[in-house]
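Notes follow once the structure below has been shown.
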Amino acid sequence: MLPPGTLMAMTPDRTRGYGPRRRFTLVTLLLLVGCCGAAAAQRLSLSLDGALAGAAAAPSVTVGVSGLRARGNDFDAWARAGLQLELEGATAATGTFGVGAAWRRATIFGPLGNVIVEGGGSLATPALGTTTALGRTWLGARGTIGSVALTLAAEAGNAAPGQLDPGRPAPPDATGQAALRELDGLRARTGLAAGAWDAGARVGLIYRVDRDVSLSLDAAGRALAGTPLLDGQLALRRARLAGDVDGWLGFQAQTHAGAAAFAVGVGAFHAPRRGATSWLRAWLGAGPEGVRPGVEGSWVHRLRVGEVRAQLAVRPWLGASAWQAEAGFDHSLRAGDVRWTIGALGTTDAATTWRFGVRLTRPLARP
């Protein structure tokens, strides 16, 4: 190991002739490379994302680093640069910039035993035509008490997660991933534009009745621009009902702005021991739009060249445009892992918001 100060003593000889600004840039790059070399499994990601809604488009580029580890804590960080384009009438464009970070730690906490605690936040410059900065913050924890798996989460922000945090790591549990997608769709269905706040919390419980039967409860309370929303789902799942197929029964209730909606559903999960889980649920719901059937599903298929993913949620009893869909393909190249995504969701004015993305992730260091 070099004595302290050796690297700094060598630096002037190698940067002789550089101006102050170029020296600062070079030193910053050296520090970043040094930090990356100090951790044990970092991954660098480069993403191109975009959204198109009517005459407005919002392309962005995100650079992120994940897997930074220090004293039992895992960190992710990302920076995003994008454009807000208004194509209606006189074309207008505004540049945007955002940064974000996430933290995760596994610890031991009393009767919960092993607990995963995570949190983070993001901040972005104002959207087109506004002077309000955009941001989100979240905090969550997951653990197990005997035969009960418990999830707690709180989140607040004035823009949708997909719009503000394209580099944000999704929670590792399936319930957390679904909650992020639902929050994106919820803001779109209720007409919350960037700058309008949402804030709330949710709790998830999974109780294992026996080896094959589990009962789950997922409840959330949220304020959308000051209007309260309550949402809850109670479900029963029976494992290995037929081979690798699990049976599912569920009941969902939601109330918002004085209107209530209810739905009952039946479904099946294909959960092979070695392979990804796919599922399909059929609903019959009653709400502001009357009695309507609906469907939700997630399909994953692994090929020799990669993995195909598709997700769909159509719940018309919640609103005229209560739907969203997404398709993706994951594969590996010599340069790293690539994920392609295209999706759409219905908004409150019966319009459609399209989203697309491509993300390249590659390791920076190996353990």
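Observations on the structure shown:
- Test result for residue 150, farther than 22 Å from residue 299 by Cα and surrounded by fewer than 18 Cβ atoms within 10 Å (Cβ to Cβ): yes
- Answer from 189, 211 - the residue that is surrounded by fewer than 14 Cβ atoms within 10 Å (Cβ to Cβ) and either touching a residue at least 24 places away in the same chain (Cβ under 8 Å) or of a type in the set (D, E, K, R) (or both): 211
- Test: residue in segment 238-261 that is closer than 25 Å to residue 143 by Cα, at pLDDT 95 or above and basic (Lys, Arg): yes
- Any hit, segment 299-312, residues being among the basic types (Lys, Arg) and farther than 27 Å from residue 166 by Cβ: yes
- All of 151, 94, 125 fail the test of being in contact with a Leu (Cβ under 6 Å, 6 or more places away or on another chain) and touching a residue at least 12 places away in the same chain (Cβ under 8 Å), apart from 94.
- Test set (1) surrounded by fewer than 17 Cβ atoms within 10 Å (Cβ to Cβ); (2) of a type outside the set (A, V, I, L, M, F, W, C); (3) modelled with pLDDT under 95; (4) in contact with a strand residue (DSSP E or B) (Cβ under 9 Å, 6 or more places away or on another chain) - residue 287 fails condition number: (1)
- Of all the listed residues (85, 30), the sole one being modelled with pLDDT under 90, closer than 26 Å to residue 160 by Cα and not charged (D, E, K, R) is 85.
- Taken as a whole, segment 52-60 holds no residue that is modelled with pLDDT under 50 and within 25 Å of residue 338 (Cα to Cα).
- The requirement of being surrounded by 16 or more Cβ atoms within 10 Å (Cβ to Cβ) and within 13 Å of residue 185 (Cβ to Cβ) is satisfied by residue 319.
- Among the residues of segment 274-291, those identified as over 17 Å from residue 303 (Cα atoms) and not acidic (Asp, Glu) are 279, 280, 281, 282, 283, 284, 285, 286, 287, 288, 290, 291.
- Of residues in segment 128-144 being among the aliphatic types (A, V, I, L, M) and in contact with a Leu (Cβ under 6 Å, 6 or more places away or on another chain), the one farthest from residue 209 (Cα to Cα): 134
- Scan of segment 334-351 for residues that are out of contact with any Phe, Trp or Tyr (no Cβ under 9 Å at 6 or more places or on another chain) and in contact (Cβ under 8 Å) with a residue 24 or more places away in the chain, ordered by number: 335, 336, 337, 347, 348, 349, 350, 351
- The combined condition, being surrounded by 16 or more Cβ atoms within 10 Å (Cβ to Cβ), out of contact with any Pro (no Cβ under 7 Å at 6 or more places or on another chain), touching a residue at least 60 places away in the same chain (Cβ under 8 Å) and closer than 26 Å to residue 72 by Cα, is not fulfilled by residue 171.
- Residue pairs meeting the criteria (Cβ under 8 Å; at least 6 apart or on separate chains; first within 23 Å of residue 226 (Cα to Cα), in segment 240-267; second part of a strand (DSSP E or B) and of a type in the set (Ser, Thr, Tyr)): 256/227; 257/227; 261/255
- Considering residues of segment 129-187 that are at pLDDT 85 or above and part of a loop (DSSP other than H, G, I, E, B) only, the residue nearest to the chain's Cα centre (by Cα): 160
- Set side by side, the residues 205, 180 differ, and just one is out of contact with any strand residue (DSSP E or B) (no Cβ under 6 Å at 6 or more places or on another chain) and of a type in the set (A, V, I, L, M, F, W, C), which is 180.
- Which numbered condition residue 220 misses (of (1) part of a strand (DSSP E or B); (2) within 18 Å of residue 138 (Cα to Cα); (3) out of contact with any Lys or Arg (no Cβ under 8 Å at 6 or more places or on another chain)): (3)
- Failed item, numbered, when residue 182 is tested on (1) charged (D, E, K, R); (2) surrounded by fewer than 19 Cβ atoms within 10 Å (Cβ to Cβ); (3) more than 19 Å from residue 136 (Cβ to Cβ): (3)
- Scanning segment 302-325 for residues that are more than 23 Å from residue 266 (Cβ to Cβ) and either within 21 Å of the chain's Cα centre (by Cα) or part of a strand (DSSP E or B) (or both) turns up 302, 307, 308, 309.
The values are calculated or read from the model by the stated rules, or taken from the named source; none is laboratory data. In this text, all values refer to a predicted model and were calculated from it rather than measured experimentally. Note that we place each Cβ from the backbone using ideal geometry, even for glycine, and neighbour counts take in every protein chain shown.
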